[in-house]
Amino acid sequence: MRCNLRTLPGAASLAALLILAGAVQAQDKAKADNVSVEPPSAVLPTFEYQVPDTRVMKPLDDQVRIVFINRSQNPKEWDALAAFWNPVTEQATDSRTGKTYARKLVKIKVPLGLTQSPAVPPENPMTLSRWALGKKLYFDPILSSDRTVSCATCHDPQKGYTDQSPVSTGIHGNKGGVSAPTVVNAAYSPLQFWDGRAASLEEQAQGPPTNPLEMFDGSPGDAWEQAVKRIKAMPEYVQMFKEAYGTEPTRDAAAKAIATYERTVLSGNSIHDRADLAMRRRVDEEESGKFEIQAKDYEVVLKDAFSRKDLSALKALQLDPEKDVARVGEIARKLNSGRQVFFGKARCNSCHVGDNFTDNQFHNLGVGVKDGRLPKDALGRFARLALGHKDPDLIGAFKTPTLRGLLGTGPYMHDGSEGNLQKVVEFYDDGGRANEFLDVKMRDYDAEQAYRDGQKAGTPYKGPEVKLFGKDRKPVVPLHLKLTAEEKDSLALFMRALEGDPIDPMVAQPDRMPE
């Protein structure tokens, strides 16, 4: 058993450890003597965390577990699953007795295009009781001081798990400083928040209840202690916490439960994902070995979407299910052109890469820059790096967002400054906004080197406009993509083709809970 001594000051740390060790020894002896004793949780902070009491929590082997099934690792089982949310009963062997028994599970069919399942911390295995508790907490404003703001206030399933505002509105109408990032596929991000200050979904969930711009009214006392007291006043919650985690309501268990729910907010099966699968099937049949999407692959899946009246996929592409069916070939060619621009001339994949179309890194794009200067409160990732690890290249750098679920998450950029996809494309076509710390992937290094060479040789520089920054007069030239109007249009269409299926109703609808 581990005790976090950092929470116990001075001599109290040793005393508490001795008490805890004694309590554990007493409990072990009592078990041997078949005597009931209180668990050692009483010596730990009651509102922050507690040791689970196995008398009130079912063993994990007896609980309904939630497991992820993805096509990449288990294609036969994935193909056999009928929906995203699949309650099943299967035969299993009890690890304690070796006997076979019927085990209930919920199998999550990870959407097409996501080739890996979300990582689950070993200390927080996913069970149905934990998921149900997390979902209830997510939509309940009980975590805010005046019970007016919930997680879903700023991360609304009906708004792409954002609030579709440049900045969010919290308690008492307070305005935040950044646009609410989406929860969609956040399970795949190793760091949370735009500046990466949280190392897990569990850590992220603990932030808003303490933030005076979000949920905390600044009243005396610990924000989380007050929230836990509100939760403990509700018998239903007390029972749910005991069943899920074997403790009373605590900050630790609440964070774990919310994270458990958020790991199931998954989106995929976009037109592009379907075209990729169609391409792989075609290549296997042709035995060509040339794994590259072609226009005819988009045409195959578009025809299928029209025939099935897949309104979600067609709406994402701004297509009418009746009027545009004759344009399938034209649209397929345009989508393929947009894909080529995305992975080629526009170099979008230098940051928007992988299953989730993000490198999960931090980049300075010049968002919010005026006259070459970053806003004072826009240090980004640099501000969150520990002393001894400050990297000036990360000044003004913010996390690359996923392009999944893109159509519901506008306005775009971390400050919500770009209202639609066309404006985002124009922003990148201009090379972002010049500033001293503009990311290397946004700069024209050939032009910058030509300027330096000219300075050394005393010859005039002929090229794109150069901005000089800092005491050393550092030259910065944003890389202009020089996309044509047709390329911009096809690129925007391709990004629309990354829009996946709507989040499953079991996950997205607040009042829908599993039996």
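Here are some notes:
- Here, P(r) means the percent of Cα pairs in each 5 Å bin from 0 to the largest distance; for segment 47-266 it is 1, 7, 13, 18, 18, 16, 12, 8, 4, 2, 1, 0.
- Translational D in µm²/s for segment 354-482 (Stokes-Einstein at 20 °C, 1.002 mPa s, Kirkwood Rh from C-alpha pairs): 134
- Restraint check, K290/K345; K159/K242; K159/K399; K107/K256; K376/K456, Cα-Cα greater than 27 Å: K159/K242; K376/K456
- Ranking of H480, H272, H363, H414 by count of other Cβ atoms within 10 Å, fewest first: H480, H414, H363, H272
- Dipole magnitude for segment 354-482: about 360 debye, using +1 per Lys or Arg Cβ and -1 per Asp or Glu Cβ, origin at the Cα centre.
- Taking other Cβ atoms within 10 Å as a rough exposure proxy, V120, V300, V341 sort from fewest to most as V120, V300, V341.
- Global size of segment 40-162 as Cα Rg and Dmax, reported in angstrom: 18.1, 51
- Put in order of Cβ neighbour count within 10 Å, fewest first, the listed residues D430, D511 become D511, D430.
- Whole-number Å³ per residue for the convex hull built on Cα positions in the chain: 201
- Note on segment 343-484: dipole from Cβ charges, positive end direction compared against M413, N364, Y451; the farthest Cα belongs to Y451.
- Folded to 0 to 90 degrees: helix 328-343 orientation relative to the chain principal axis, Cα: 80
- Sparse-neighbourhood loop sites, chymotrypsin sites (Phe, Trp or Tyr not before Pro) in segment 234-332 - DSSP loop, at most 13 other Cβ within 10 angstrom: F291
- Calculated FRET efficiency, N174 to L468, Cβ-Cβ distance, R0 = 45 Å: about 0.70 to the nearest 0.05.
- Degrees between helix 295-307 axis and first principal axis of the chain (Cα, 0 to 90, nearest 10): 60
- Theoretical ellipticity at 222 nm over the chain - DSSP helices of four or more residues, -39500 (n - 2.57) apiece, nearest 500: -10000 deg cm²/dmol
- Column: log10 I(q)/I(0), Debye, Cα scatterers of segment 271-346, q = 0.27 Å⁻¹: -1.25
Read the figures in this text as sums done on the coordinates, not as results from a lab. Worth saying up front: this structure is predicted, and the values here are computed from it rather than measured. So basically every Cβ, Gly included, is an ideal-geometry build from the backbone, and we count neighbours across all protein chains shown.
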